[in-house]
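Read through the structure below, which is laid out as structure tokens, and then see the notes.
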Amino acid sequence: MKAYYYDNVEGDPRLPHITPDGVSVDHLATLGLLHARFPLEESNSIDGVNKLASDRHYSHRDEITVSPSAMGAVYEDKIKNFFAEHMHEDEEIRYILGGAGYFDIREKGDDNWIRIRVEEGDLLVLPPGIYHRFTVDEDNVSSRSMPVGCSLLVVFKEGADVGQYIKAMRLFKDEPKWTPLNRGQETEQNSFRKEYVHQRQQ
Ligand code: KMT
Ligand code: NI
């Protein structure tokens, strides 16, 4: 997980849109956002996820794969929906099982976007009422983990989707559902939004 202020430059949201202004985990916590790491290669990671889920009274879960090959014709529409600024009346918990993507969350005062890059093993808890949006990244087979001079050498994980791809576990207290409320006059009056804003003023 890496967090930084979004550059607000027009263009494909799947690009990094990075700025030099990093954001700390403590600052994210002041916005009500929690992050934990449960690396998939550690055999007890799922116990950690299960404990977090039961501590917070979650009993349902599903898995979603966001990629052109998994979603086919609806992919670009889904990407557009995920990237529309929205809130939920429930917490949003996502545990990343593969690939990478970005959750953008609104800073207090709603002026800035903070971009949170998530990869395999990251778990995020977004509080009810926070304005946010989501996108996959442009290509999860990047040169970032490659030694200098090897940028032409691309190592493909066998069977893995490459390019725009993320797989995530979605945790739910009740039945799996995804109900985005796009930001507008109505969400400003929403009681979960008001409660979120109130909590941040404490
Ligand atoms: C959301 O609320 O934007 C999502 O659930 C995004 C898909 S989960 C990787
Ligand atoms: Ni959401």
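The values are calculated or read from the model by the stated rules, or taken from the named source; none is laboratory data. Everything quoted here is computed from the prediction, not taken from an experiment. Glycine also receives a Cβ, built like all others from the backbone with ideal geometry; neighbour counts cover every protein chain displayed.
Here are the numbers for the structure shown:
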| item | result |
| --- | --- |
| In segment 96-140, residue nearest to ligand 1 (Cβ to nearest atom) [restricted to those that are assigned to a loop (DSSP other than H, G, I, E, B) and closer than 16 Å to Tyr4 by Cβ] | Asp137 |
| Verdict on Leu33 being surrounded by 14 or more Cβ atoms within 10 Å (Cβ to Cβ) and more than 16 Å from ligand 1 (Cβ to nearest atom) | no |
| Hits in segment 88-105 - residues which are under 13 Å from the mean Cα position of the chain (by Cα) and within 16 Å of ligand 2 (Cβ to nearest atom) | Glu91, Glu92, Ile93, Arg94, Tyr95, Ile96, Gly101, Tyr102, Phe103, Asp104, Ile105 |
| Filtered residues of segment 61-81 (kept if within 15 Å of ligand 2 (Cβ to nearest atom), surrounded by 14 or more Cβ atoms within 10 Å (Cβ to Cβ) and closer than 18 Å to Leu123 by Cα) | Ile64, Val66 |
| Qualifying positions in segment 44-95 - of a type outside the set (D, E, K, R), touching an Asp or Glu at 6+ places or on another chain (Cβ under 9 Å), closer than 19 Å to Lys173 by Cβ and outside any loop (DSSP other than H, G, I, E, B) | Gly48, His60, Tyr95 |
| Leu40 being aliphatic (A, V, I, L, M), surrounded by 11 or more Cβ atoms within 10 Å (Cβ to Cβ), under 16 Å from the mean Cα position of the chain (by Cα) and at pLDDT 95 or above | no |
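A quick yes/no check of all residues on (1) within 30 Å of Asn190 (Cα to Cα); (2) touching a residue at least 40 places away in the same chain (Cβ under 8 Å); (3) not β-branched (Val, Ile, Thr):
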{"site": "Lys51", "(1), (2), (3)": "no, no, yes"}
{"site": "Ser54", "(1), (2), (3)": "yes, no, yes"}
{"site": "Glu63", "(1), (2), (3)": "yes, yes, yes"}
{"site": "Val66", "(1), (2), (3)": "yes, yes, no"}
{"site": "Gly72", "(1), (2), (3)": "no, no, yes"}
{"site": "Lys78", "(1), (2), (3)": "yes, no, yes"}
{"site": "Phe83", "(1), (2), (3)": "yes, yes, yes"}
